[in-house]
Every structure is written in structure tokens, then in C-alpha cells.
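Have a look at the structure below, then the notes.
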Amino acid sequence: MNMYQYPDDESYHNECFSDIRDVKSDFSKRQFFNCVFRHCRFERSNFSSCNFINCQFTRCELYRVDVQHTGFRNAIFDECAIVGVEFSKCNASLLSFAFSRCVLDYSSFAGTRIATTRFDKCTLRNVDFAGVDLTGSSFENCDLSAARFENTILDEADFESAFNFTIDPRLNRIKNTSFSRQNITGLLDRFEIKIREPQSYCEQILDTLMLPCF
């Protein structure tokens, strides 16, 4: 289906959009319900004030698209490249999604409430999670290199198989958060200490912080 032929404020129901290639077009104020996007590439396109309800994105590329005041409810992203997208500007009352095998580098979720969000096998390099409520969220096999966690709520979140993260326990809430023995050092990076005997030392740290150990 071709989105270009419809005016603003158009609603789409149960449509499939495939192989769209776009740079800087204005798709603002449109509503998408139960739609599927496949093999689409949007670069700096304007999706401000749109709503994506129960939509699925598969193998799409979203580069610095404008999502100001945009809502995502039950949106699923699979094998997508989502780079430099400021989800922090989205409609806070319509924000729930899941990401599988996605690249989300340099995107921002700062200040959002996205509890129980699932990130599965994603790269999240330089992603901003400052001030985010991630209660009960999971980061299965995710690369969190240089991701920012500050005043972030991570209670009951699952980092057991995540890697390359740095989380300062003094600046974030980590009650009942799950880590593994292999990655627990990600909680110690800010202290600039050397671990000579990782296994025994990490066990002591886990006991001190009262964190689940696997």
C-alpha cells in the first residue's frame, strides 16, 4: 500500500506496507491500527503526532525519524535498525512495545515509563535510559555498551544475559534485579577497582548489595 496518496489525519486499518524508501517526507497525524511494515526504510521522516496501535515492524530501518507526540501501543519491532530515535518525545500515555534482534543505537528513552519492556538480542549502544521506569523489563543477550543509566528504575529487571553495561548502584534502583556472576562487574565499573578473584569477590558484592545471583 502507498502512504503518499493519502492526506493527513488518515487512518489505516489492517494494512501492509512493504518496501517503502523515504527521506524526510511528512506522515504526521496519521493513525495506524493492526498494520504491518516490512522491509521499509525511513530516514528523517516525520511521524509526529501519529499513533501505531498493535502494529508490527519487520526488517525495517528507522533513522532519526521524528516521533514527537507519537504513540506506540503494543508495537513489535523485529530485526529492525532504529538509530537515533527519540522515544523520549513520544506520547507518554501510549507507549508499550517489544524489540527482538534490533539495533537501537543512539536512541533515547529518557524519562519514559516503559515497565516490562522486552529487549531480546538487541544492541543498545549509547542508548539513553536516564530517568526511565524499566521495572520488570528484560535485556536478554543485549549489548549495552555505553548505555546511560542514571536515576533509572530497574527493580525486578532481568540483566542475567546482558553484557557490556555499566550501572552505578548508587544512582539507580536495583531492588530484586537479576544479574549473573559473569556480568556482575558491570555494577562495579564506576568504583575503578581491580578484581583479582572474580568468583569469590563477586559473591561478596552480591551479598552486600542483596542482589539475586544465578
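The values are calculated or read from the model by the stated rules, or taken from the named source; none is laboratory data. Predicted model only: the values in this text are computed from it and were never measured. Note that each Cβ is placed from the backbone with ideal geometry, even for glycine, and that neighbours are counted across all protein chains shown.
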Surrounded by fewer than 20 Cβ atoms within 10 Å (Cβ to Cβ) and among the β-branched types (Val, Ile, Thr): does that describe Thr152? no
If you go through the stretch 30-52 one residue at a time, do you hit one that is at negative phi, under 19 Å from the mean Cα position of the chain (by Cα) and in contact (Cβ under 8 Å) with a residue 24 or more places away in the chain? yes
Is it the case that the stretch 144-154 has a residue that's modelled with pLDDT of 95 or more and under 18 Å from Phe77 (Cβ atoms)? yes
Pick from the stretch 117-135 the residues that are within 14 Å of Val83 (Cβ to Cβ) and polar (S, T, N, Q): which of them is surrounded by the most Cβ atoms within 10 Å (Cβ to Cβ)? Thr123
Any hit, the stretch 168-176, residues being acidic (Asp, Glu), in a loop (DSSP other than H, G, I, E, B) and farther than 20 Å from Gly84 by Cβ: yes
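Criterion first (without any contact (Cβ under 8 Å) to a residue 40 or more places away in the chain and buried (at least 16 other Cβ atoms within 10 Å of the Cβ)) does Ala157 satisfy it? Don't jump to the end; show me each part of the working.
On the way: without any contact (Cβ under 8 Å) to a residue 40 or more places away in the chain: yes; buried (at least 16 other Cβ atoms within 10 Å of the Cβ): yes.
Yes: the conditions hold for Ala157.
Please specify each residue of the stretch 93-116 satisfying the condition of being polar (S, T, N, Q) and crowded, with 19+ Cβ neighbours inside 10 Å.
Step one: filter the stretch 93-116 for residues polar (S, T, N, Q), giving 93, 96, 100, 107-108, 112, 116.
Those that are polar (S, T, N, Q) and crowded, with 19+ Cβ neighbours inside 10 Å: Ser107, Ser108, Thr112.
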All conditions in (1) under 17 Å from Asp128 (Cβ atoms); (2) at pLDDT 95 or above; (3) not in a strand (DSSP E or B) are true of His69 except (1)
Of Cys90, Cys80, Cys142, the only residue that is buried (at least 19 other Cβ atoms within 10 Å of the Cβ), farther than 25 Å from Phe27 by Cα and of a type in the set (A, V, I, L, M, F, W, C) is Cys142
